[in-house]
Structures are given as structure tokens and as C-alpha cells.
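A short worksheet on the structure shown next.
Since every read-out is calculated from the coordinates, none of them should be taken as a lab result. Keep in mind that what you see is a predicted model, and the values were worked out from it rather than measured. Note: ideal-geometry Cβ built from the backbone for every residue, glycine included; neighbour counts use all protein chains shown.
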Number of protein chains: 2
Amino acid sequence: MNKPLKIAIAGLGTVGGGVIKAMQAGDNALADRAGRRLEIVAMCARDKNKKRGFDLKNWVGDPRALVGTDADVIVELIGGEDGPALALVQEALTAGRHVVTANKALLARHGAKLAILAEEKNLALKFEAAVAGGIPIVKALRESLITYGVVAVRGILNGTCNYILTQMEATGRPFGDVLQDAQKLGYAEADPTLDVGGGDTAHKLALLAGLAFGTAPEIDSMAVQGIAHITPEDIAFAREFGYRIKLLGIAKKTPYGIDQRVQPAMVSAGTPLADVNGAFNAVMADADAAGSFFFEGRGAGDAPTASAVIADIVDIARGNIGPVFGIPARSLISLTPTPSGSASSAFYLRFQVLDVPGVLAEIAGHLAEWRVSIESMIQRGRAPGEAVSIVMITHETTHASVGNALKTIAASDKVIAPPCMIPMEAR
Amino acid sequence: MNKPLKIAIAGLGTVGGGVIKAMQAGDNALADRAGRRLEIVAMCARDKNKKRGFDLKNWVGDPRALVGTDADVIVELIGGEDGPALALVQEALTAGRHVVTANKALLARHGAKLAILAEEKNLALKFEAAVAGGIPIVKALRESLITYGVVAVRGILNGTCNYILTQMEATGRPFGDVLQDAQKLGYAEADPTLDVGGGDTAHKLALLAGLAFGTAPEIDSMAVQGIAHITPEDIAFAREFGYRIKLLGIAKKTPYGIDQRVQPAMVSAGTPLADVNGAFNAVMADADAAGSFFFEGRGAGDAPTASAVIADIVDIARGNIGPVFGIPARSLISLTPTPSGSASSAFYLRFQVLDVPGVLAEIAGHLAEWRVSIESMIQRGRAPGEAVSIVMITHETTHASVGNALKTIAASDKVIAPPCMIPMEAR
């Protein structure tokens, strides 16, 4: 058998601990797959005294000290788009070490540049764990769905959001209450902004788009919306229309550029993405002539994520290096975003209005001004004088048209809350 | 760039034609991914004069003559578990050529032996296209879901059967009629035995089990049942109980060995496998601590299958060779099948009986003799004296117990057709 592959790990949280425990437990079986032993030669984390449930062998004081060891592979599990994670990955690649990372923020921001650095030295920079946890979607886009090209990816990429939306649907409770429960159960962070605001989904989507379209990952031009404004009423209306609300990351090739968006969307009940429940992740990839492929599984947690990290390490052990994003990093093209607001779809609209004469005429008038036409409408009666909800499904139109119409409508003194718009995503 | 990878193709049917057309169309993009050009240096098929929609360049008269060319990779798309396909693959490997094949029958029968031959010479023997068409499930099991081991795979692996069952459900028409339509539409072969009898699913399942469990592919011990006995009535009752009937290939690790079966099963409505419609394929892989992963996509057709063949070729071009079944072929262990009939589950049972006094008592009595207990029952009244259907769902029991009880029941003169038993598969 070949000489062992030496591994150094920075960051010993949930994922790092999972990697170490799984490598110890799977020692011989993994060596059989890797064609050589996998040997952890160094590790580090912020706090040496924290109880972690495994022995801290080969501890070093600082992530950058890992580059000074004889490790072949540096596993970066620190997180953060700059700072120590970026410094470590840059120094590791510069020093001729392969890198495995779960850091979506880092790669969404610096992925193309780091890929060039890696490929100049024939090094691996692998990141299966950065997107959708244990689902091998990075490998599938990089190595499998390559013949006809991928023209669209749609994903449920944040387990926290999907858990919250699923719970809101099951219990009828509002976002804030369900979020608090999720925090108590460990399904949401103390500061949930990155998850519920859509930022985490945006990072992951940028990587999927890069793999799918051969573009340098790009997030600055991405329209990103979270789930905090979704109400139990929206979810109930969605069900009435035969839909479920999911936070989707969507990246599509269009004649006008790449349309990349993160937003809650109405997904037809009974289609695969609509049926993804709880903390699961899923990706639908449209591989043109080869058809659509759907992948679902656990997107977070120690074991699913460790599974992805270790698969990357075994790839490196076997010499399966290859370009970081599937094509040479120097061939990645800059992403041309579609003009803002140009994406078109049907929309779900909800207005909270005073129950006074003329309100519907006013709303309908403003929609007509922007050529937004209505396919169906529900208005539920309440006691006279109380606020009521008017809900509509539009025919296909652009985000810009709806956005403009809603701006005018929101200014009306009969409309007592910001209108809600949710695009309908076809399967 | 490196020197081109030279490819010879045997078999120019749907898949072979798809491979050639896609390689011509994707020339530059594929070279970018492969790190070198892909060049078709020879091809052959049974009939040179058939119209195929592409130029027959570099034609040779006989599959074995391909080994005489300077091809690096032989693509075997002839089919059949022995004969010319086996001869070609053996000779290609012996002569030091990599092999890519879509031939599930060949590998289910000779896979372990051919893998040893390939690995002795550091050659690739790749077969993504042999299972579930364009779904990258072979790669996922071989390279991704490897950390915690896979303890069970369940798959809808035959698009013809799934199409027929979906059509039977949609139209209420019997198996024979729907099969005839499927034949006219090209969804079923003139001789449909291998598809509707479960044999094709068995070949694919044997390969998935080998990849999942590190066992040499084995089909002789597999219990295989097709779908010809399923009636529209069974499908309607399934729906009433909240299930759909799917032909599944199931391979599970148990304390008593590997349970490998092909059979129609009741799958809970709303779970991913139950929602797979038409000619699609899908696989659910239970990766132990990492959780379950679900993959769905097109399992047949020129483009999805060509997509899998070309992904294998690009892997070879990049030097991603690795062991054929994920672990070294010499380490594959012989599969120990579970004792026949020992698998346990709940069952759906349907009896066609004469509507005479005592018939239910007789059936219930025989079931009780074999300790099969009933969870629920439906009996629909018809005109007195006519045949009626009695349908039951049992509590969990073994295939052997139910089989024995049904044998006794079938012998009764009040039972006018062979009883039908369909296991209930939990998600």
C-alpha cells in the first residue's frame, strides 16, 4: 500500500469533531477505499480546554502553524469569508498543500482566485461539504452532469429555513415563535441572520452556479430575500392554491445572462422540491437534453457534513484532483447577471387593507397600470371595518412590473401593511 | 494540453448514437473538462447500412477488431451477459485498454472477475450508465457515501415498469392493455420479459448492492418478482390505504446476511419513492449516521445514458481510475444471502373468493395458523353469489409465514384465483 495521506484539521466544532470521530471509526474501511491510510498529523481550534469527546492529539496553537507540519491536506473548518480561514487556505495552497473546506462564504467570495492558485500547483481545493451537507451535488455537477451542460439549478439549501417553514405550516404559528423554538432546539443559531435572511443560501447558490455554468462564483449581483416576512396566512393560502412556500436558491441561464436569486417561492405541491420537509436540503438540476435530476438528503449536522469532507479527502488520496469548478479556473467566465427585475413568473400577492369601499378598485387599477393581470383572487370577509386580506395570483409578468405596482399600492392609506409578493416557481 | 484520449465504441444503438452525437456537439467543452481532447478512433455495430443520423467514421468490421486499434478506452454498448460483450471486455482489459460499459447483465454476472482483471492492470472498468441512466448513483456510492457505509438501497430501476404502473393508476386499465400501449409508444420492448419480469431491475440491484456493501455482485440468490400479476384493483386499494405500488429493487444489510429482493411493494404516498412517476428512475440510499439520500432522474433514453457514459470517459481522461466497486476487487466478499423467506414486513393481501358463508373464517383461520395477524380489512359487497375481493393489511410478519398461509388458502375451493401478496415498504 502507498504511504499514508497526512491530514491537518483547523476547526474542531460539530463538523471537525465529526470528521475526526468518523476517521477513527472507519480507519481500515477508509484506507481500503483511499488506497492508503489517512493519518491526522495536526489539529487546532480556538479553545484547547473545551470537552470534545475525542483525544486532542497533535495539537498546534494556531491554524497557520498547520502549514508548518508535514500534512499533505489541510482541512479548513474555521468558517468566515475572510480572516483566518482565507489566510490559512491561501498559505496552504501557496505551500503546496491540498485543501478541503466546508466554507461556502469563503469560496463564494474568493473561490475563483483560490481555484487559480490551487490549479497552478496541481493541488486540490475541494468543497463538497460547503453545499447541501452530505448530498454529493458538488461532485455531481463537477463530474457527472457535464455532457449537455446544466441550464438551471434550484435548491433548498438552508435547513434552518426549511425547518422553520415546515413548522410554520404544521403548527400555524408565526415566524418569530417558530424561530425561537428552533433556537432552543439547536436548529437555528443565536444570531439567525445569515440563515433566515437568505445569505447562507446565497453563498451556496453562488458555488452551484459556478459549477453549473462555468462562471466565477458571484454574489454581489444576486437578489437575496429571506423568510422573515412570510406569515402563516401566506402558507395557508399557498396550500389552498395547491402550493407550498420554500426558500429557494435559483440560478438559471437565460438569453440575457445568468438569473441568480434567493427568495421564498411557491412550489407546486406534489413536486419533489415541495415535498422536502424539516431540516433536509435538496437540489434540482436541469441538465438540458439529459433531463432534470433531483437530489435530497441531510444538509447539515456532524455526520452528513463529515461524510462529505471525508469523501473529498479520499478523492485526494486516490489522486482524483481535477479542476476546482470542473473546468480550468482560468477558463471561468465572469457572470453576466440578468437586468434587475427582468425575471418573469406568475406571482402570489397579499394585501392587508381596510375593509372600505373602493379598495379593491384601487389595487386592481394600480396593477393594471403596470400591466399585471390577475388569474385568481380570494378575499375573505371579516367584521365590517376590520382589516382584511386580499390575495391574488397573477399571470406571468416581471419582478419589475410587480415591484413597481406594489410600490404605488403600498403608498395608499387603505393599505395597512407592506404588500407581500412571492413568485410561483414551475417545477 | 495532454494528448487526446482515443475512444472506440462497440454498439451504435440508441445509447451509442447518443454518445457519438454528444461528443461531437460538446467537443471543446468536454476537452476543457477532460483536460484533453476526446477522439473517436473506431466504431462498430451489427449493421453498417442502417441510417443512424451521424457519419460512420473509422468503421471496423467486428467488436474484437477494436482492441487492435490504438484506442485507450473501449466503450461496450453491445449488451448481453455473455457472448460478444464479455469477449470484448475481457480482451480489451487483457490488452491494457480501459473499459466503459452500460451492460448491467454482464457486470451482475461477471463484475467481480472483470474488476480483478481491470485492477491488476490499473485499468478503469466504469459503468455509470448501467444503473439508473443519467443519475450519478454509481459514483455516489463508489466515491461519496463512503464514510459511514450504506446499510440499505431501495430503487425504482426500471422505467418501463414504473411507466406501466403509473399508467395503470392513471387510467384504471389492466396490465396487459397498458403494456401493449407502452410497446406501441416505444416504452417497452417487443419482448418485455426482462423488464416486466424484474430481471433488469435484478441486474441493476446486484451492482448497487456490490457498491454499497463491498460484496461481489450476485443475482442467483435474489428473489425476483415482476409486475404482471398486479391488477388495477390492487392499485386502487393501495391508494385507499395511503400507498402506491412500485417495483422496487431492495438490498439491505441484516444481522443474518444481505437481503436482496426485486418485487412490487406498497410505498407510503407522499414519500420520495412513491412520487416517482412515469419512466423516471430513483434510488434511496441509507447511509447510516449520514442519513438517507434520494436521487431521481431519467433512467433511460439516449441523452441521459450518453451523459453517464461520457462522464465515465472524462473520469478516465482525468486519471480518476480507482477500484471498480469502490474497494479493491480482491477485497470484495461473497454475499451471504438472508435465509429465504426470513425478511419481515407488513403485507397487503388480496383474495378473490366466492361470496359464500364461512369463506372469511377459513382465510382468517389459515392466517392465524401461521401467526399472521390482521391490522385492517376491506370487503366490498357485490351481488350475492358473485366473486368478491377480500383485502387485508397484516401486522409485521415474515415472507415465509405469509407464503405458507397463502399456499393453504389457495388450495381452498372457495378461493377462485391465486392470492396476491405485496409487502409494505416503510420509507
Problem - Average Cα contact separation per residue, chain A, under 8 Å, 6 or more apart, as relative contact order % - result: 17
Completion exercise
Once residue A:239 and residue A:362 are pulled to full extension, the length gained, defined as 0.36 nm per residue separation minus their Cα-Cα distance, is 41.6 nm
Practice task
Note down the Stokes-Einstein diffusion coefficient of the stretch B:344-425 in µm²/s, whole number, using a Kirkwood radius over alpha carbon pairs, 20 °C, and 1.002 mPa s.
Solution key: 170
Exercise for the section: Grab the other residues whose beta carbon is less than 9 angstrom from that of residue A:153, score K and R as +1, D and E as -1, and report the net. Expected result: +1
Handout entry: Phi to ³J(HN,Hα) by Karplus 6.51 cos²θ - 1.76 cosθ + 1.60 over the stretch B:220-228, Hz, x for Gly, Pro
Key = 5, 8, 7, 7, 10, 10, x, 10, 5
Practice task
Could you work out the Rg to Rh ratio of the protein assembly as shown, with Rh taken as the Kirkwood radius (inverse of the mean 1/r over all Cα pairs)?
Solution key: 0.99
Exercise for the section: Give, as a single signed number, the net charge of other residues whose beta carbon lies under 15 Å from the beta carbon of residue A:180, with Lys and Arg counted +1 and Asp and Glu -1. Expected result: -3
Exercise for the section: Provide, in order from the shortest bin, the percent of all Cα-Cα pairs of chain B in each 10 Å bin, continuing until the bin that contains the maximum pair distance. Expected result: 5, 21, 28, 23, 13, 7, 3, 0, 0
Exercise for the section: Quick one: which residues, 5+ away or cross-chain, put their amide H under 5 Å from the amide H of residue B:41? H built at 1.01 Å from N. Expected result: B:7, B:8
Exercise for the section: For residue B:254, list long-range residues whose amide hydrogen, built 1.01 Å from N in the peptide plane, is under 5 Å from its own amide hydrogen. Expected result: B:259
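Rounded to the nearest 0.05, what FRET efficiency is calculated for residue A:122 and residue B:29 with R0 set to 25 Å and r the Cβ-Cβ distance? Don't jump to the answer; show the numbers that get you there.
Values: r = 22 Å, r/R0 = 0.87.
The formula returns an efficiency of 0.70 here.
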Problem - With Cα atoms, 0 to 90° folded angle of helix A:399-410 axis to chain A main axis - result: 50
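Let me have the 222 nm mean residue ellipticity of chain A computed from DSSP H runs of 4+ only, each contributing -39500 (n - 2.57), with the sum over all residues rounded to the nearest 500. Intermediate results must be reported in sequence, preceding the final value.
Details: 12 runs with 140 residues, N = 427.
Rounded to the nearest 500, the figure is -10000 deg cm²/dmol.
In cubic angstrom, how much convex hull volume per residue do the alpha carbon atoms of the stretch B:226-301 span? Mind showing how you got there, number by number?
Numbers: hull volume 9.9 nm³, N = 76.
Taking only Cα atoms, the stretch B:226-301 has a hull volume of 130 Å³ per residue.
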Practice task
Go ahead and set up a Gaussian network model of chain B, Cα springs under 10 Å, then flag whichever of B:102, B:405, B:308 fluctuates most.
Solution key: B:405
Problem - For the stretch B:135-241, size of Cβ-based charge dipole, Lys and Arg +1, Asp and Glu -1, in debye - result: 420
Fill in the blank from the handout: If each part is reduced to its alpha-carbon centroid, the stretch A:1-30 and the stretch A:145-206 end up apart, in Å, by 29
Exercise for the section: Give me the distance in nm between label points sitting 7 Å out from Cα along the Cα-to-Cβ direction at residue B:173 and residue A:229, one decimal. Expected result: 5.0
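Looking at this model, which pairs from A:21/B:252; A:3/A:204; A:113/A:252 are more than 27 angstrom apart at the alpha-carbon? Show your work: numbers first, answer last.
Values: A:21/B:252 25 Å; A:3/A:204 35 Å; A:113/A:252 23 Å.
Long pairs (Cα-Cα over 27 Å): A:3/A:204.
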Practice task
Taking all pairs of distinct Cα atoms, average 1/r, flip it, and tell me the Kirkwood hydrodynamic radius of the stretch B:112-198 in Å to one decimal place.
Solution key: 15.8
Practice task
Per residue of the stretch B:43-51, in order, report the coupling 6.51 cos²θ - 1.76 cosθ + 1.60 (Karplus, θ = phi - 60°) as ³J(HN,Hα) in whole Hz, putting x for Gly and Pro.
Solution key: 8, 8, 7, 5, 10, 6, 8, 5, 6
Exercise for the section: Would you work out which of B:227, B:40, B:284 lies farthest towards the positive end of the dipole of chain B, given +1 charges on the beta-carbon of Lys and Arg and -1 on that of Asp and Glu, about the Cα centre? Expected result: B:40
Handout entry: Reachable aspartates and glutamates from residue B:57, criterion Cα separation under 18 angstrom, eight or more residues apart if same chain
Key = B:27, B:39, B:47, B:70, B:72, B:76
Exercise for the section: Would you kindly derive the ³J(HN,Hα) couplings of the stretch B:133-142 from the backbone phi angles with the Karplus curve 6.51 cos²θ - 1.76 cosθ + 1.60 (θ = phi - 60°), listing them in order in whole Hz, with x for Gly and Pro? Expected result: x, x, 6, x, 7, 5, 4, 4, 6, 6
Problem - Unit charges on C-beta of K, R, D, E only; dipole of the stretch B:50-120, Debye - result: 380
Handout entry: Inter-probe distance in nm under a simple model that places probes 7 Å from Cα toward Cβ, at residue A:39 and residue B:95
Key = 4.3
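Within a Cβ distance under 15 Å of residue B:45, other residues only, what is the Lys/Arg minus Asp/Glu net charge? List each step's numbers first, then the result.
Working: positive: B:21, B:46, B:48, B:50, B:51, B:52, B:57, B:64; negative: B:47, B:55, B:62, B:76, B:302.
In short, +3.
Charges only on Cβ, +1 for Lys and Arg, -1 for Asp and Glu: so what's the dipole of the stretch A:344-425 about the Cα centre, in debye to the nearest 20? Please list the in-between numbers first.
Values: 6 positive and 8 negative charges, 20 e Å.
With only Lys, Arg, Asp and Glu charged at Cβ, the dipole is about 100 debye.
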Exercise for the section: Tell me the label-point distance for the pair residue A:404, residue A:81, using the 7 Å Cα-to-Cβ offset, in nm and rounded to one decimal. Expected result: 3.1
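Taking every pair of distinct Cα atoms and averaging 1/r, then inverting, what Kirkwood hydrodynamic radius in Å comes out for the stretch B:139-298? Write down the numbers at each step before the final one.
Values: mean 1/r = 0.0625 Å⁻¹.
With all distinct Cα pairs of the stretch B:139-298 included, I get 16.0 Å.
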